[in-house]
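> Once you've had a glance at the structure underneath, I'll fire off some questions.
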Amino acid sequence: MYDSSFGYGPPLGLTGADNPAGDTPGAEVSGASGAEVPDTAALDPIGTVLSAVTGQLGRAVDVPVWTLDDDRLQARLTQALQAKAGVDELIARLVGEIDDRDLATKTGASSTRSYLAATHRMSTGQAAGIVAQARAMTPRTDITRGAWATGRISGEQAVVIGKALAMLDADIDASTMGLAQLHLIESAEQLNYLQLRHVANHLVEVVDPAAAEAKLGEQLRAEEDRALQATVFRGRPGLDGIARFSGRLPNSTFAMLSKAIEACAAPRRKPANPPGTPLGATAHGPGTSDVIDVDGAHCDTETGVLTYGQRLGRAFAELIEHLPVDKLPQHGVANAQIVVTIDAKTLATGIGEATLDTGGVISASEARRLACNAGLLPVVLDGPSKILDLGMSQRLFDRYQRTALAVRDKGCVWPACDRPPAWCEAHHINPWHLGGPTDITNGCLLCPFHHRLLDTGEWAVVMAPDGIPELIPPERIDPHRRPIRHQRLKPRAG
């Protein structure tokens, strides 16, 4: 058998300053009339301990921590976290009792979380976390609670252990439950948070090895059902042009999304140079750093570095742009394709804005870029309402033409870009909106980033006499504006 008892030690002694009356905790005190006065410390030991702790912490408020050497600084942090763990455990017990007594509704609050948020001015997230800690501790978790109170484990770890124990069969004997707790507590002292969660999720392998496989299968199925029920997506467009969204996904679906985004972001995988560091490349050669590509050729001195989050963000946008909208379910009378309305003059000049059928607006240059994809249907107006062109399939390269472009270009034709054909857009060299034909002699493959950069007007793309697309750099890159082609493409004949 195991011993589930644990102690906090005797109440902290109060000095004369802390206890002006000079009372000794635990002693009986006589009043002026000689009658015995109840011992406050004995009636409320928790209050006595908290008063002492609060008083002692108050003495450290004005003590500068910079006076500590490195070893002491780290040691005091460890002590402080141990003390915090003890206080957190006590808070969880107090909140748990408030929850059990339903004091929240008695005071007019809708829940214990709301009660904490209103009464103690907490955020709802903080209040919810404390309630979760309180509910994770049950009579079966006394050993875990003791380890938490003495600072061996943190509140987060205690919740992980508590939830793992709650998933065990109710008929498990106390001895086995104790061993399970000790196993998880020892793991918590050695592993990080994620590793502890993995061990906790497989606790049944320790408690009941014979039935582990079946129980883990049931556990996973239950988790998957809960994940599906909890799957949500929330989003809203922003007045600053930046949409905000959040949501929850099952782990398996998130793994698919992460894999796709990582695949999109993978080409920019080289370590980044500090901002302003020359990349050692020219307009005729590739760059070597994962930088914000302000000139499109990975050359000259760049001014900023793409963070990992920025790379993933751009990859996510690229993934959305390449959704096969023709394969998605129809929404009412229309499919999932975005329709953009733009007048002929704005489309030709690239100056101004276009209107989306969702009510939003985008720039004319962005509309021209997206019009090269099947993901957007352009409606070109001449005047207020006369439709000049309702962009149908003739504006798009069909799958056979795209296959031919993929064979010829082998990916984005921009120098040093390694986006594969699957992630490229078929671009009209002579623009479609100016009458350019949709055929392979007037097309080339560009990734979304370089397609957008081309639409700024600084760069140009031309078809070389040997039928290979080439880029014309701006004068600041090459004063002679000599055509350059991707290194993967064959050199000019002769």
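Listed here are the residues, each with its yes/no results for (1) farther than 29 Å from GLU318 by Cα; (2) assigned to a helix (DSSP H, G or I); (3) small (Gly, Ala, Ser); (4) touching a Gly at 6+ places or on another chain (Cβ under 7 Å).
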{"residue": "SER187", "(1), (2), (3), (4)": "yes, yes, yes, no"}
{"residue": "GLY217", "(1), (2), (3), (4)": "yes, yes, yes, no"}
{"residue": "ARG221", "(1), (2), (3), (4)": "yes, yes, no, no"}
{"residue": "LEU228", "(1), (2), (3), (4)": "no, yes, no, no"}
{"residue": "LEU239", "(1), (2), (3), (4)": "no, no, no, no"}
{"residue": "GLY247", "(1), (2), (3), (4)": "no, no, yes, no"}
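> Tell me which residues, restricted to segment 105-117, are part of a helix (DSSP H, G or I) and at pLDDT 90 or above.
Once the filter is applied, which keeps residues that are part of a helix (DSSP H, G or I) and at pLDDT 90 or above, segment 105-117 yields THR112, ARG113, SER114, TYR115, LEU116, ALA117.
> Would you mind stating whether LEU257 is within 26 Å of GLY155 (Cα to Cα) and either under 22 Å from the mean Cα position of the chain (by Cα) or surrounded by 16 or more Cβ atoms within 10 Å (Cβ to Cβ) (or both)?
Criteria not met by LEU257.
> Tell me yes or no: at least one residue of segment 164-181 is under 15 Å from ALA92 (Cα atoms), assigned to a helix (DSSP H, G or I) and touching a residue at least 40 places away in the same chain (Cβ under 8 Å).
no
> Moving on to the next point. So the check is Cβ under 7 Å with 6+ separation or different chains; which pairs have a first residue in segment 341-353 that's within 15 Å of LEU454 (Cα to Cα) and touching a residue at least 40 places away in the same chain (Cβ under 8 Å) and a second one that's among the polar types (S, T, N, Q) and part of a helix (DSSP H, G or I)?
GLY350/SER365
> Any residue that is without any contact (Cβ under 8 Å) to a residue 12 or more places away in the chain, assigned by TED's automatic domain parsing to the domain that holds ALA222 and farther than 29 Å from GLU189 by Cβ - is there at least one of those in segment 123-146?
yes
> If you don't mind, there's one more thing I want to ask. Out of segment 442-490, which residues are without any contact (Cβ under 8 Å) to a residue 24 or more places away in the chain and among the hydrophobic types (A, V, I, L, M, F, W, C)?
ALA460, ILE472
The values are calculated or read from the model by the stated rules, or taken from the named source; none is laboratory data. The model shown is predicted, which means the values in this text are computed figures rather than measured ones. Ideal geometry is used to build each Cβ from the backbone, glycine not excepted, and the neighbour counts take in all protein chains shown.
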